[in-house]
Amino acid sequence: MKTLFVSYRVTDLDRSLAFYTALGYVEVGRVQGGEAGHLVILGFPDEPAASLELVHRPAAGRVDVGTGFDHLAIQVDTLAATLERLAGAGLEPGPVAYPGGPRGPMTSWLTDPDGYRIELVQWPPGHPDGITDADFS
């Protein structure tokens with residue numbers, strides 16, 4: 001088994017699409033579901049498959065993220081360049097932090113229009129893509 005994608009319910013589909021495409025996602029496809037909602041499937045250009053679904057159900061009203069969801073982590077190649085690009089697109093990423101110390105990953109946070117938190121992560125040189133059990137040994 002493997003995770004297919006994360007799905008977020010959004011209040012304003014156009015506003016959320018503008019945010020996530022500015023972040024770097026591209027649209028993979030759409031499903032018009034009537035009362036079930038409108039679905040937009042997104043992925044990053046270099047990913048082999050979709051990784052995010054935006055669900056818009058107008059009849060359900062405003063999204064309340066609540067306290068059960070924490071954040072979505074996205075790996076970036078170069079955090080400084082990513083932050084510059086995002087700021088140029090009108091997004092507001094937070095300051096760079098080093099949660100694992102100066103030799104660990106660099107991170108920055110931003111929040112989407114509905115309040116979902118996103119952590120941008122740049123691994124230190126030599127670190128492989130993703131997180132594996134080697135990160136905890």
Open item on the list: If I go through segment 111-121 residue by residue, how many of them are in a strand (DSSP E or B) and either out of contact with any strand residue (DSSP E or B) (no Cβ under 6 Å at 6 or more places or on another chain) or in contact (Cβ under 8 Å) with a residue 60 or more places away in the chain (or both)?
Closed with: 1
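This table checks each residue for (1) closer than 29 Å to residue 88 by Cβ; (2) open to solvent by 50 Å² or more (accessible area, probe 1.4 Å); (3) not acidic (Asp, Glu).
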{"residue": "1", "(1), (2), (3)": "no, yes, yes"}
{"residue": "17", "(1), (2), (3)": "yes, no, yes"}
{"residue": "35", "(1), (2), (3)": "no, yes, no"}
{"residue": "61", "(1), (2), (3)": "no, no, yes"}
{"residue": "69", "(1), (2), (3)": "yes, yes, yes"}
Task: Hits in segment 15-36 (condition: of a type in the set (A, V, I, L, M), more than 21 Å from residue 3 (Cβ to Cβ) and over 16 Å from the mean Cα position of the chain (by Cα)) - done: 36
Open item on the list: Pull out all pairs, ordered by first then second residue, where Cβ-Cβ is under 7 Å, the residues are six or more apart or on different chains, the first lies in segment 8-33 and is without any contact (Cβ under 8 Å) to a residue 24 or more places away in the chain, and the second is part of a strand (DSSP E or B) and small (Gly, Ala, Ser).
Closed with: 26/43; 28/43
Task: All positions within segment 82-121 that are of a type in the set (A, V, I, L, M), farther than 21 Å from residue 21 by Cα and open to solvent by 50 Å² or more (accessible area, probe 1.4 Å) - done: 96
Open item on the list: I need every pair where a residue in segment 122-137 that is surrounded by 10 or more Cβ atoms within 10 Å (Cβ to Cβ) has its Cβ under 7 Å from the Cβ of a residue that is in a loop (DSSP other than H, G, I, E, B), sequence separation at least 6 or different chains.
Closed with: 122/76; 122/78; 122/105; 123/105; 124/103; 124/104; 124/105
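Can you name the residue in segment 37-48 that is touching a residue at least 12 places away in the same chain (Cβ under 8 Å) and farther than 14 Å from residue 7 by Cα and is also surrounded by the most Cβ atoms within 10 Å (Cβ to Cβ) among such residues?
Initially, segment 37-48 is screened for residues touching a residue at least 12 places away in the same chain (Cβ under 8 Å), giving 37-45.
Adding the requirement that they be farther than 14 Å from residue 7 by Cα leaves 44-45.
Values: 44: 15, 45: 7.
So the residue we want is 44.
The values are calculated or read from the model by the stated rules, or taken from the named source; none is laboratory data. The model shown is predicted, which means the values in this text are computed figures rather than measured ones. Glycine gets a Cβ as well: all are built from the backbone with ideal geometry, and neighbour counts include every protein chain shown. Note: accessible area is taken over every heavy atom of the protein model, side chains too, but ligands, DNA and RNA are not part of it. Shrake-Rupley method; radii C 1.70, N 1.55, O 1.52, S 1.80 Å.
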